[in-house]
Each structure stands twice: as C-alpha cells, then as structure tokens.
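Let me begin by presenting the structure, written as structure tokens, before commenting on it.
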Amino acid sequence: MADVIESKIKNYRTAPFDSRFPNTNQTRNCFQNYLDYHRCNKALSEKDQDTSPCEWYQRVYKSICPSGWVNGWDEGIDSGSFAGKV
C-alpha cells in the first residue's frame, strides 16, 4: 500500500477534484488540506511511523493555498496562536 501512495505522490501534478468542495471557491479546501497534513504528521509521528503518506496533503495545500496564508499559519503554529485544531 505504501508503494501505491508513493507512486501517486510521484505522479502528482495538481490538486485533484475533491467532492467535499465542489464549488469554485477553494478556500475551505486549502485550509482543510493544511489541517489534514499537520494532523496526519502529528498522528504518525507520535506512533513512530513513516510520515510519507502525509506528503499528499502537503502537496495539495501547497498547490492551492496562497503562500502568504501558509506562512501566516506556520507562524501561528510556531507561536501557539493558530486558530485551527491540529
């Protein structure tokens, strides 16, 4: 299964259609993938497992989120003032 995930990550071009976010406005999709990446990373790191499956979420949010938002969210996580539940 890890091989399948790794091959999908290698062949990744842009964010695929996500039926949870069918509208043109992708703000919520951006934020949700950012949260999913950090939640996935945290959960797998706590179990001492490989975090490579989390790279999918990272690639998606990096392709659809404005970099200014991501930088602000990263600073919020680092300072402990991030509004989302990670």
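Side notes on the structure shown:
- Test: residue in segment 19-26 that is within 24 Å of Val4 (Cα to Cα) and either in a loop (DSSP other than H, G, I, E, B) or open to solvent by less than 50 Å² (accessible area, probe 1.4 Å) (or both): yes
- Number of the exception - Pro16 against (1) assigned to a helix (DSSP H, G or I); (2) surrounded by fewer than 15 Cβ atoms within 10 Å (Cβ to Cβ); (3) at pLDDT below 95; (4) of a type outside the set (A, V, I, L, M, F, W, C): (1)
- Positions within segment 52-86 being among the charged types (D, E, K, R) and closer than 12 Å to Tyr34 by Cα, in sequence order: Glu55, Arg59, Lys62, Asp74, Lys85
- Set Asn33, Asn71: member being assigned to a helix (DSSP H, G or I) and buried (at least 17 other Cβ atoms within 10 Å of the Cβ): Asn33
- Residues (without any contact (Cβ under 8 Å) to a residue 24 or more places away in the chain and either more than 17 Å from Val86 (Cβ to Cβ) or not polar (S, T, N, Q) (or both)) located in segment 37-65: Cys40, Ala43, Leu44, Glu46, Lys47, Asp48, Gln49, Cys54, Lys62
The values are calculated or read from the model by the stated rules, or taken from the named source; none is laboratory data. Given the structure is predicted, the values throughout are model-derived calculations rather than measurements. Because the Cβ atoms are built from the backbone with ideal geometry, glycine has one as well, and the counts that use them run over all protein chains shown. Surface accessibility is based on the protein's heavy atoms, side chains included, excluding ligands, DNA and RNA. Shrake-Rupley method; radii C 1.70, N 1.55, O 1.52, S 1.80 Å.
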